[in-house]
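The block underneath contains the structure these notes are about, expressed in structure tokens.
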């Protein structure tokens, strides 16, 4: 799978590293301490040195990018992972790298960045996209809801992922709405059932299959 998708992996890796080039260009303009973390209210509450932001963050992300790609290519059920889903996986970290470093650089240069709006919009959109793909996922050990009941029963896997896909799309839309409502805490209220309900549903299906 790595060999087949090597061009995509190289391109997405280079995109992940673009913030390094931008950081070098902006180096003299960036302060020694740059914002690295924001609170729920959108205010900066953590700083780090600019070398960490410019070099370490993108390099850590590109390492994680390759780990995800290699782990997926080593999946015993990799034949069930189609190209579209693998391509989606390959583009998640590059987008995160561009988004996060852009916010760091912009804030460090004195621009107002509404993190409390940007992040819910991004996370919600990501959940909507993933939710659309979840029902199309086939059994694998790296992509999808990987719990014993889904991995041991294809019907359980399919039903669980259809429900999860629906919940993630709806949840993603609600999370995007929180960006404009100023209700950041609602993000977690929505996220919890998005994660827990599919697990419970899968277990219920498992118990039901044992009684039939």
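Annotations
- Between 143, 92, 196, the GNM of the chain built on Cα springs shorter than 10 angstrom shows 196 fluctuating the most.
- Part-to-part distance (alpha-carbon centres) for region 164-191 and region 72-146, which is given in Å: 16 Å
- Counting every other Cβ atom within 10 Å of each residue's Cβ, 68, 137 order from fewest to most as 68, 137.
- Over the chain: helical MRE at 222 nm, DSSP H runs n ≥ 4 each giving -39500 (n - 2.57), nearest 500: -23000 deg cm²/dmol
- Taking every Cα-Cα distance in region 1-100 and sorting them into 5 Å bins starting at zero, the pair-distance distribution P(r) comes out as 2, 12, 20, 19, 15, 12, 9, 7, 4, 1 percent.
- Label-point gap, in nm, between residue 207 and residue 121 - each point 7 angstrom along Cα→Cβ: 4.3 nm
- Applying 1/(1 + (r/R0)^6) with r as the Cβ-Cβ distance of residue 78 and residue 158 and R0 = 22 angstrom yields a FRET efficiency of 0.75.
- The long axis of helix 83-108 is offset from the longest Cα principal axis of the chain by roughly 30 degrees.
- Spacing of the two label points (7 Å from each Cα toward its C-beta) at residue 114 and residue 3, in nm: 5.0 nm
- 0 to 90° range, to nearest 10: angle between helix 57-73 axis and the chain longest Cα axis: 20 degrees
- Contour excess over end-to-end distance, with Cα ends at residue 136 and residue 95 and 0.36 nm allotted per residue: 12.5 nm
- Per-residue Cβ neighbour rank within 10 angstrom, fewest leading, 138, 50: 138, 50
- Ascending count of other beta-carbon atoms within 10 Å, so fewest first, for 16, 142, 72: 142, 72, 16
- When only Cα pairs below 8 angstrom with a gap of at least 6 residues are kept, region 114-212 shows a relative contact order of 36 percent.
- Between 0 and 90°, nearest 10: helix 154-181 axis offset from the chain longest Cα axis: 30 degrees
- A compact globular protein would have a Cα radius of gyration near 2.2 N^0.38 Å; the ratio found for the chain is 1.16.
Every read-out reported here was derived from the displayed coordinates using simple, explicitly stated rules and does not represent laboratory data. Just so we're clear, the structure is a prediction, and the values are computed from it rather than from any experiment. Don't worry about glycine lacking a Cβ; one is built from the backbone with ideal geometry, like all the others, and counts go over all protein chains shown.
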